[in-house]
Amino acid sequence: MSGVYDDCAARALDFVEGLDDCHDQDQVSASVARILAEFGFEHFVITGIPNPNDLLEQVLLIERLPAGWFEHYAGHNYMYADPVFRNCRATTSPFQWEEAPFDAEIEPGAVEVMQRANDFGMVQGFSVPIHGPEGCEACFSMSGRSPDLSGRTKPAVHMIAMYAFERARRIGRRPGRPSSNPLTQREQEVLTWAALGKSSRDTAELMHITERTALAHAVNATHKLGAANRTQAVVRAMQSKFIRV
Amino acid sequence: MTDIHVITNANRTRYADLIELHHRVRHDIFVGEKGWEALRKPDGRDVDAYDDEHAVYLLAVDGSKLVGGQRLYPTTRPHMISEVFPHLVHVSRGIPSGPDVREWTRYFVVKERRYGRTDCRLLAAMQQYCLDEGIETVTAVAETWWLPRVHSVGFTTKPLGLPQMIEGQPTIAVKVPISEDSLASVRRHAGLRGHAILPRHFARAA
């Protein structure tokens, strides 16, 4: 790891050169995820700026977000309250999320977005606005629990974001985002029973499996949803409509 | 109709008035608007060490009005990146230089033309001039916000180092490969027809 920090400039420049070898969005996404992880970022999203009647997923370019967050965000129309999104339109310079201004007194929506982001593990973030000839065109946001946002890494991350966006734009948007449910049938069943108040033992009996297997399904589902425990996993699965009760 | 005039040392005397006007417009924009105080001159003309006989100017002129411009300078001589901004170039990359590399500086479009096709005309002219002259690469120092704009019309840029804060703006050194593809793309974006620059024999006669 120290090698990276010895010269994050060289690393970032090599990354930009390597983008020429990325020929689809998945390759760009994997490459970006790899280098951002070195700086402590766990999640990122590259999105266009939707017009008032657009759906957010129509302008989404690449996302590696915590499971359930996009659905939660879109479902609650957070884009209209999100101070980070708003600041992307207002400035051409990259900024840390805490620098995106809002008035907590009169904008409870903004408070909620930032609080929920925090709950999903997006504790600290950094955003790079992309402005084209007609104003703000896109926003590249990255976040994590404790990313390295020192003066040394910010310029590297800024450049990475600009060139990754350009590569993704050039390759073109993937047609239609699969709003896929990450949970297997069995994991959905286990969470559904948990939502109905059943214990692991009850669940095992109802599903004709061992209690140990039931627990394993619950653990897997919890992990996939980025949740801290089974209760939170149930809440996220319901919010994202991965399970219905 | 906006035409792009190429002004070199060979035809410069015929363009004395336009070149003079262009120094004043540059001062208005880079000092007056952008606030680059280091360039401020008491006579209101922006002239630097690279406005010499080696500079080539591509100026956009509409009737009698100068609406935009840019300068190309040989990298075989001391130039801005080598003398003023070498710290913007990472040691692992080195400053691109050679007979087929020019430095691209003092790009501007006057305020009232910033939302039109003048940008594309200037960008197309730069690519066309370089293709005609066998120039393969230009280098530039740019504010980072500007890069997505040139990318969006089909230019490719490669960073030479990380962005650094200059005059309060993140600023980056890049190289720009010259290509038929980039020229075709920027022309398509602006719906430009015909040659991107005024034929020089015609320009000399004008």
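The values are calculated or read from the model by the stated rules, or taken from the named source; none is laboratory data. Just so it is clear, the structure is predicted and the values come from calculations on it, not from any experiment. All Cβ positions, even for glycine, are placed from backbone atoms using ideal geometry, and neighbour counts span all protein chains on display.
Given the condition surrounded by fewer than 23 Cβ atoms within 10 Å (Cβ to Cβ), away from chain B (no Cβ under 14 Å) and at pLDDT 90 or above, answer yes or no: does some residue in region A:171-184 qualify?
No, every residue in region A:171-184 fails to be surrounded by fewer than 23 Cβ atoms within 10 Å (Cβ to Cβ), away from chain B (no Cβ under 14 Å) and at pLDDT 90 or above.
Condition check: closer than 23 Å to A:F41 by Cβ and either in a helix (DSSP H, G or I) or within 14 Å of chain B (Cβ to nearest Cβ) (or both). Does A:A164 satisfy that?
Considered against the rule, which asks whether it is closer than 23 Å to A:F41 by Cβ and either in a helix (DSSP H, G or I) or within 14 Å of chain B (Cβ to nearest Cβ) (or both), A:A164 comes out as yes.
Being away from every other protein chain (no Cβ under 11 Å) and farther than 17 Å from B:P177 by Cα is the filter here; which residues of region B:89-106 pass it?
Scanning region B:89-106 gives a single hit, B:R106.
Return yes when B:R121 is in contact (Cβ under 8 Å) with a residue 12 or more places away in the chain, surrounded by fewer than 20 Cβ atoms within 10 Å (Cβ to Cβ), within 17 Å of the chain's Cα centre (by Cα) and within 14 Å of chain A (Cβ to nearest Cβ) and no when it is not.
It is false that B:R121 is in contact (Cβ under 8 Å) with a residue 12 or more places away in the chain, surrounded by fewer than 20 Cβ atoms within 10 Å (Cβ to Cβ), within 17 Å of the chain's Cα centre (by Cα) and within 14 Å of chain A (Cβ to nearest Cβ).
Can you tell me which condition B:E112 does not meet? The list is (1) farther than 22 Å from B:A125 by Cβ; (2) in a helix (DSSP H, G or I); (3) modelled with pLDDT under 95; (4) not hydroxyl-bearing (S, T, Y), and all the others hold.
Unmet for B:E112, out of (1) farther than 22 Å from B:A125 by Cβ; (2) in a helix (DSSP H, G or I); (3) modelled with pLDDT under 95; (4) not hydroxyl-bearing (S, T, Y): (1).
Assess whether B:W146 counts as being among the hydrophobic types (A, V, I, L, M, F, W, C), away from chain A (no Cβ under 14 Å) and within 30 Å of A:R152 (Cβ to Cβ).
No.
Sort out which residues of region A:75-88 are at pLDDT 90 or above and either under 23 Å from A:R167 (Cα atoms) or part of a helix (DSSP H, G or I) (or both), and write them in order of number.
Of everything in region A:75-88, those that are at pLDDT 90 or above and either under 23 Å from A:R167 (Cα atoms) or part of a helix (DSSP H, G or I) (or both) turn out to be A:G75, A:Y78, A:P83, A:V84, A:F85, A:R86, A:N87, A:C88.
If we scan region A:23-43, do we find a residue that is modelled with pLDDT under 90, surrounded by fewer than 14 Cβ atoms within 10 Å (Cβ to Cβ) and more than 17 Å from the chain's Cα centre (by Cα)?
For region A:23-43, residues modelled with pLDDT under 90, surrounded by fewer than 14 Cβ atoms within 10 Å (Cβ to Cβ) and more than 17 Å from the chain's Cα centre (by Cα): absent.
So which helices (runs of 4 or more DSSP H) stay within region A:179-245 end to end and still have 3 or more residues that are closer than 29 Å to A:N118 by Cβ?
Because the criterion is at least 3 residues that are closer than 29 Å to A:N118 by Cβ, the helices (runs of 4 or more DSSP H) in region A:179-245 that meet it are A:185-195, A:211-224, A:230-239.
Conditions tested, residue by residue: (1) buried (at least 21 other Cβ atoms within 10 Å of the Cβ); (2) under 23 Å from A:P50 (Cβ atoms); (3) not hydroxyl-bearing (S, T, Y).
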{"residue": "A:N87", "(1), (2), (3)": "no, yes, yes"}
{"residue": "A:S93", "(1), (2), (3)": "no, yes, no"}
{"residue": "A:F102", "(1), (2), (3)": "no, yes, yes"}
{"residue": "A:A117", "(1), (2), (3)": "yes, yes, yes"}
{"residue": "A:V123", "(1), (2), (3)": "no, no, yes"}
{"residue": "A:I130", "(1), (2), (3)": "yes, yes, yes"}
{"residue": "A:A138", "(1), (2), (3)": "yes, yes, yes"}
{"residue": "A:D148", "(1), (2), (3)": "no, no, yes"}
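Restricting the search to region B:154-163, which residues are more than 16 Å from the chain's Cα centre (by Cα) and either under 20 Å from B:R106 (Cβ atoms) or modelled with pLDDT of 95 or more (or both)?
B:K158, B:P159, B:L160, B:G161, B:L162, B:P163
With the structure loaded, tell me whether A:L36 is within 14 Å of chain B (Cβ to nearest Cβ), of a type in the set (A, V, I, L, M) and under 27 Å from B:Q164 (Cα atoms) or whether it fails that test.
no
For (1) among the hydroxyl-bearing types (S, T, Y); (2) in a loop (DSSP other than H, G, I, E, B); (3) in contact (Cβ under 8 Å) with a residue 40 or more places away in the chain, each residue gets a yes or a no:
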{"site": "A:A9", "(1), (2), (3)": "no, no, yes"}
{"site": "A:A12", "(1), (2), (3)": "no, no, yes"}
{"site": "A:Q27", "(1), (2), (3)": "no, no, no"}
{"site": "A:R34", "(1), (2), (3)": "no, no, no"}
{"site": "A:T47", "(1), (2), (3)": "yes, no, yes"}
{"site": "A:N51", "(1), (2), (3)": "no, yes, no"}
{"site": "A:L61", "(1), (2), (3)": "no, no, yes"}
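Filter region B:177-196 down to the residues that are buried (at least 22 other Cβ atoms within 10 Å of the Cβ) and not in a helix (DSSP H, G or I), then identify the one that is modelled with the highest pLDDT.
Per the stated criteria, the residue is B:I178.
The rows are residues; the columns are (1) closer than 26 Å to A:A74 by Cβ; (2) among the β-branched types (V, I, T); (3) buried (at least 20 other Cβ atoms within 10 Å of the Cβ); (4) modelled with pLDDT under 90.
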| site | (1), (2), (3), (4) |
| --- | --- |
| A:S199 | no, no, no, yes |
| A:I209 | no, yes, no, yes |
| A:L215 | no, no, no, yes |
| A:R230 | yes, no, no, yes |
| A:Q239 | yes, no, no, yes |
| A:I243 | yes, yes, yes, yes |
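Kindly provide the set of residues from region B:79-109 that are part of a loop (DSSP other than H, G, I, E, B), in contact (Cβ under 8 Å) with a residue 24 or more places away in the chain and within 23 Å of B:R26 (Cα to Cα), ordered by number.
Matches in region B:79-109: B:H79, B:F85.
Please work out which residue is farthest from B:T139 (Cα to Cα), limiting yourself to region B:167-184 and to residues that are in contact with a helix residue (DSSP H, G or I) (Cβ under 9 Å, 6 or more places away or on another chain) and within 12 Å of chain A (Cβ to nearest Cβ).
B:Q169
For residues that are outside any helix (DSSP H, G or I) and either more than 21 Å from B:A196 (Cβ to Cβ) or in contact with a Ser or Thr (Cβ under 6 Å, 6 or more places away or on another chain) (or both), tally how many sit in region B:1-31.
The total comes to 1.
I'd like the residue in region A:136-160 that is part of a strand (DSSP E or B) and facing chain B (nearest Cβ under 9 Å) and, out of all such residues, is modelled with the lowest pLDDT.
Out of the qualifying residues, it is A:E137.
Testing A:P133 on (1) facing chain B (nearest Cβ under 10 Å); (2) in contact with a strand residue (DSSP E or B) (Cβ under 6 Å, 6 or more places away or on another chain), one condition comes back false. Which one is that?
(2)
Just one of B:G161, B:G154 is in a loop (DSSP other than H, G, I, E, B) and more than 8 Å from chain A (Cβ to nearest Cβ); which is it?
On inspection, the qualifying residue turns out to be B:G154.
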